[in-house]
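The structure appears below as structure tokens.
The values are calculated or read from the model by the stated rules, or taken from the named source; none is laboratory data. Predicted model only: the values in this text are computed from it and were never measured. Please note: Cβ atoms are built from the backbone with ideal geometry, for glycine as well, and neighbour counts cover all protein chains shown.
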Amino acid sequence: MPQSLRVAATAVVAVLALGLSACSGGSSDSSASGDESGSSWEPVTIEHALGTTTIEEKPERVATVNWANQEVPLALGVVPVGMAAANFGDDDGNGILPWVEDKLEELGGETPVLFDETDGVDFEAVADTDPDVILAAYSGLTQEDYDTLSEIAPVVAYPETAWGTPWREMIQVNSRALGMEQEGDDLVASLEQEISDAAAEHPGLREKSAMFMTHVDTTDLSEVSFYTTHDTRAMFFEDLGLKTPASIADASASTDEFSLTQSAEQANAFDDVDIIVTYGDDSLVQTLEGDPLLSQMPAVENEAIVALPGTTPFGTAANPTPLSISYVLDDYLAALDGAAAK
């Protein structure tokens with residue numbers, strides 16, 4: 001967000017925060033029930049990368065910011081009052097991914113307020129929903145973002161690394177903030193079983209290694225950018241039975257960054273990669289295959305590439321989230337299996 005807008009937003013938040021207790025602002029169709037009643041709620045304290053958050057009272061109005069955090073309360077039967085609009089993989093342009101639409105319909109809940117995060121967190125819109133808690137266990141919040149949001153309601157930020165919270169921990173942290181820790185653990189166990197059962201149907205993946213190339217600039221192929229083992233997309237490979245190439249593991253060991261870049265002249269470092277996953281379409285694959293350096297990578301030479309289109313829900317398959325896993329898992333495994341067979 002530009003500094004001028006951020007300052008303005010902070011001022012608005014300060015004004016709104018004074019009147020939050022008097023705001024009605026509607027209500028969520030479902031609330032964080034768990035085993036606790038409002039009278040038996042005990043304060044929950046959560047330490048995270050940006051501070052320590054204590055939730056003194058049972059949250060009834062839940063807001064979420066950044067990618068996918070809304071899927072945790074929804075999966076547990078709680079309809080948020082506000083959430084970030086989808087900006088990737090949205091198939092019909094309504095700002096809501098299909099698995100979220102399905103869950104809202106199942107719960108009979110009204111569509112939450114959608115926060116436009118094109119230029120960063122919309123603090124004023126978040127404040128207008130009058131939340132009791134703001135979930136952001138998987139996010140890229142800055143300290144300034146966190147401090148501003150904390151003027152509105154208690155904020156649960158990422159545990160360690162921006163955009164690096166694994167799907168299990170996203171569920172565990174966000175569910176704990178709702179007083180639904182056991183329900184969160186049960187959800188994790190259920191998804192783990194689903195993933196394990198689905199992956200067992202693709203034994204050809206077990207001895208294959210995979211790397212995830214970041215968004216490729218087809219006008220400049222002088223560098224190879226890839227996600228490290230600190231990124232959730234690379235982490236998900238292991239859930240699916242794939243191996244981490246030594247080249248990626250070694251490069252990741254000396255950094256806490258979620259992505260790295262290497263000269264295409266050193267592309268032979270990735271000779272141990274069997275499958276490449278990236279964002280793009282057939283034209284991108286053809287571009288890689290036509291490049292004199294990158295075409296020498298075994299995965300490119302063998303056409304063992306899974307290109308995920310960003311314009312469709314399937315484009316989100318590589319980044320596992322509580323509701324998307326069930327929706328795209330079979331298609332993603334089939335695509336990886338197809339690449340592994342080449």
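Miscellaneous remarks
- Selection count, the range 205-224, where residues are at pLDDT 95 or above and not in a loop (DSSP other than H, G, I, E, B): 6
- Which numbered condition Asp197 fails, given (1) touching a residue at least 12 places away in the same chain (Cβ under 8 Å); (2) surrounded by fewer than 19 Cβ atoms within 10 Å (Cβ to Cβ): (1)
- Where Pro80 falls short, out of the listed (1) without any contact (Cβ under 8 Å) to a residue 12 or more places away in the chain; (2) within 24 Å of Pro166 (Cα to Cα): (1)
- Neighbours by Cβ (under 9 Å, 6+ apart or cross-chain): first from the range 259-277, within 16 Å of Ala339 (Cβ to Cβ); second assigned to a helix (DSSP H, G or I) and among the β-branched types (Val, Ile, Thr): Phe270/Ile248; Asp272/Ile248; Val273/Ile248; Ile276/Val300
- Applying the criterion of being hydroxyl-bearing (Ser, Thr, Tyr) and in contact (Cβ under 8 Å) with a residue 60 or more places away in the chain to the residues of the range 284-311, the residue that is nearest to Thr218 (Cα to Cα) is Thr287.
- The residue of the range 133-163 that is modelled with the highest pLDDT, among those that are touching an Asp or Glu at 6+ places or on another chain (Cβ under 7 Å) and surrounded by fewer than 21 Cβ atoms within 10 Å (Cβ to Cβ), is Pro159.
- Residue list for the range 263-292, restricted to those being among the hydrophobic types (A, V, I, L, M, F, W, C), closer than 21 Å to Leu205 by Cβ and outside any strand (DSSP E or B): Phe270, Val273, Val285
- When the range 50-92 is limited to residues that are crowded, with 19+ Cβ neighbours inside 10 Å and charged (D, E, K, R), the one that is farthest from the chain's Cα centre (by Cα) turns out to be Lys58.
- Hey, Leu114 over 28 Å from Phe258 (Cβ atoms) and outside any loop (DSSP other than H, G, I, E, B) or not: no
- Some residue of the range 231-244 being over 23 Å from Gly204 (Cβ atoms) and either of a type in the set (Asp, Glu) or out of contact with any His (no Cβ under 8 Å at 6 or more places or on another chain) (or both): yes
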